[in-house]
Amino acid sequence: MSQEQAQTKWGQFIPLVTVFFFWGFVAASNDILIPVFKKAFDLSQSESQLVSLAFYIAYTVGALIYNGISVIIKQDIVNKLGYKNSLALGLVISALGTLLFYPAANLHSFPLMLSGLFIVALGFSLQQTVANPLAIALGPIRTGSQRLTLAGGINNFGTTIGPLVVSFAIFGSAANATTDISVESVKIPYLILGVAFIAVAIFLKMSSLPDRPALVEASLEDDKSVKGSALRYPQLVLGMIAIFVYVGVEVSTASNLPAYMEKDLGFELKDIAPYISLYWASMMIGRWTGAVEAFTDNVSTQKVLRFIAPYLAFGIFLAVNAIAKHDLAPFYVYGLIILVLIAADMASKGNPAKMLLIFSAIGITALLVGMFTTGMVSVYAITSVGLFCSTLWPCIFTLAVSGLGKHTSQGSSFLIMMIMGGGIISWLQGVVSEYTGIQYSYVVGIICFAYLAFYAWRVSGILRSQGISFDKKLSGGH
């Protein structure tokens, strides 16, 4: 590939990653909507978690619709429409979802709000189906993981600033907005978001993104020929459960944190956003740390970057919050917790099963500390779960599809469907909290991490029996 061709590929990749940003921005912003809706609609904690359930279940519904239509027309729907057209269609569907926020706010209707979020995520489901393989196809296959790593970094930038932007839009103009919260305050932010979706859809339609890249077409044709056979592999079936509980603990940890901080620690709603931002920034910190090998093969340089990358990401979090005029003093101590992440990353030695086991064990420890301490120590412990969830997606994904051969594409689609765990586990923790209190409801997260540790141990044996081993570190993320 010539330099000019390579530049063209990256030129196509840059507009593509805007959708990765939106996924992170909206998903993390839900953590601000949950306490707002809870107070405005007088909801219980489990009822407020229907926000997460409606959002994440849409991924599964979207995947079922996608596969159903493909069966009916006897052709992969994305391959028929083209990748660029499908991506634009997904953005338009999401934009339609944002329009529901206007009548929902006027009618003070929680079900209509949930319907809006569901439709937004329904569009995201189609976008996810298109964008991930398209990112891999926009250049040499050997650098596909690097492009996904970069896309994951953009996604995490969205998760970092999303809670801050939405919180400012809702609370920024009224310092005392925590006493009387009106759902009408969410109308304008989401209408603006809808306009942004449409603008990006038009931008992508006019871009040089290919409709049918060769690598993607080959993958789809291969997938069609092996339909129905991927579930024979135990690493995939167990991996589907792992993705379900991983996304579950990742999302539920953050979505239940505002209720804990408000109810048990006395925080004002408008002051919680920086901590939600820190949780999602922790995902960025961990992924940047896990991605250093994508940039250099020099071992000495990698060791240096393992310390530079996480603190550079942490610096971005501090800078964004400084711009938002938040007090940074409570966050400096978090720099010490990042050292635990670095040590765990080095101890994994690039083996995804070992990394999954180590990070799951530390995740359990973090939640135990969060459950049995008080004050800011518990907040930092719960927030640090983001650090130890950060690299689990690529670990699980790789272990689950290893050895599938021609069935890899189908196996990947089954894994994407399990993103619904983000909504179901969040709702489940909300139910548990009504019996145990918010703080002790994090036992749900401990159970999730325990399964992930089991999967790391079990899948290692399965893959060894198939003659599969790992000696290079994986980078990337959800």
Mean Cβ-within-10 Å packing, highest first, puts peptides 461-468, 450-457 in the order 450-457, 461-468
Whole-Hz Karplus couplings 3J(HN,Hα) for segment 349-361, θ = phi - 60° and coefficients 6.51, -1.76, 1.60, Gly and Pro as x, run 6, x, 8, x, 5, 5, 5, 4, 5, 5, 5, 5, 5
The ³J(HN,Hα) series, computed from each phi in segment 39-52 with the Karplus coefficients 6.51, -1.76 and 1.60 at θ = phi - 60°, rounded to the nearest Hz and given as x for glycine or proline, is 6, 5, 9, 6, 9, 6, 5, 5, 5, 5, 6, 5, 4, 5
Ranked output for segments 310-323, 115-128, 330-343 by mean other Cβ atoms within 10 Å, highest leading, reads 115-128, 310-323, 330-343
Here segment 53-65 yields Karplus 3J(HN,Hα) values (6.51, -1.76, 1.60; θ = phi - 60°; whole Hz; Gly and Pro given as x) of 4, 4, 6, 7, 5, 4, 4, 5, 4, x, 5, 5, 4
Expressed in nanometres to one decimal, the distance between label points 7 Å along Cα→Cβ at Val369 and Ile65 is 4.3
For segment 238-337, the Cα gyration tensor yields equivalent-ellipsoid semi-axes (√(5λ), largest first, whole Å) of 28, 21, 9
Taking R0 as 51 Å and r as the Cβ-Cβ distance between Ala324 and Lys80, the FRET efficiency 1/(1 + (r/R0)^6), rounded to the nearest 0.05, comes to 0.70
Sorted on mean Cβ neighbours within 10 Å (highest first), peptides 20-30, 250-260, 54-64 come out as 250-260, 20-30, 54-64
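A short reminder: the numbers here are calculations on the coordinates, not readings from a lab. Nothing here was measured: the structure is a model prediction, and the numbers come from that model. Cβ sites come from the backbone with ideal geometry, for glycine too, and all protein chains shown count toward neighbours.
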